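Everything on this sheet refers to the single structure shown next.
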Amino acid sequence: MRVNGWMKQGLGAATLGVLAVMASGCASIKDHRGYLIDPALTNSIQPGIDNRLSVERSLGQPTFKSEFGQQTWYYMSIDTKQRPFKRPQTGSQTVLKVNFDARGNVASVERGGMEKIARLDPDGHKTPTLGRTRSFFEDLFGNIGSVGAIPGVGGPGGGGVPGGSGPNGS
């Protein structure tokens, strides 16, 4: 059987289309979390000039506020990317920290970034525990024969047997 030229082209285009769809599944996903930082607005906040009301009107509600001690507002922005079948990785982070004095005026403005991220690398895949170490099969079959072997139960004179001593057999 002979295949025409247009059928070869159609088959090649279909193959390329399928490969393109498969390759698009390998693209990473980019995500933004938190406050959208506008450098013009954040640079306009001046200590001694602005207060809580002017900061809220310029930047909006903070990501979170301090509960205790000196009144501090935090504006956080995190950009992440995630490759297929992996956990999201932080690409960039910006933290704007606005400190207020007792009267509600801006005392200081601090900016931070990736240096505030703590990386934790757990050591190994086992958690140390007290007691003896048992294998999988010891855990699975270790109690065979020991379960239900309570002395005096079910034998002559035991509880539950007619004629024995106990709540049901007396």
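The values are calculated or read from the model by the stated rules, or taken from the named source; none is laboratory data. Keep in mind that this is a model prediction, so the values were computed, not measured. Reconstructed Cβ throughout: ideal geometry from the backbone, glycine too, with neighbour counts over all protein chains shown.
Taking the range 66-79, which residues are assigned to a strand (DSSP E or B) and either acidic (Asp, Glu) or under 15 Å from the mean Cα position of the chain (by Cα) (or both)?
78, 79
From the list 55, 18, pick out the single residue that is at pLDDT 85 or above and either hydrophobic (A, V, I, L, M, F, W, C) or in a helix (DSSP H, G or I) (or both).
Just a single option satisfies the conditions, and that option is 55.
Could you grab me the full set of residues in the range 113-142 that are surrounded by 10 or more Cβ atoms within 10 Å (Cβ to Cβ), modelled with pLDDT of 70 or more and not in a helix (DSSP H, G or I)?
113, 134, 142
Of all residues being of a type in the set (Ser, Thr, Tyr) and closer than 27 Å to residue 107 by Cα in the range 25-46, which is surrounded by the most Cβ atoms within 10 Å (Cβ to Cβ)? Just the residue, please.
Across the range 25-46, the extreme among qualifying residues is 35.
Those residues that are under 15 Å from the mean Cα position of the chain (by Cα) and either assigned to a strand (DSSP E or B) or closer than 11 Å to residue 30 by Cβ (or both), I need them from the range 80-100; list them, please.
Result: 80, 81, 82, 88, 89, 90.
Could you identify the single residue in 77, 58, 92 that is touching a helix residue (DSSP H, G or I) at 6+ places or on another chain (Cβ under 6 Å) and not hydrophobic (A, V, I, L, M, F, W, C)?
58
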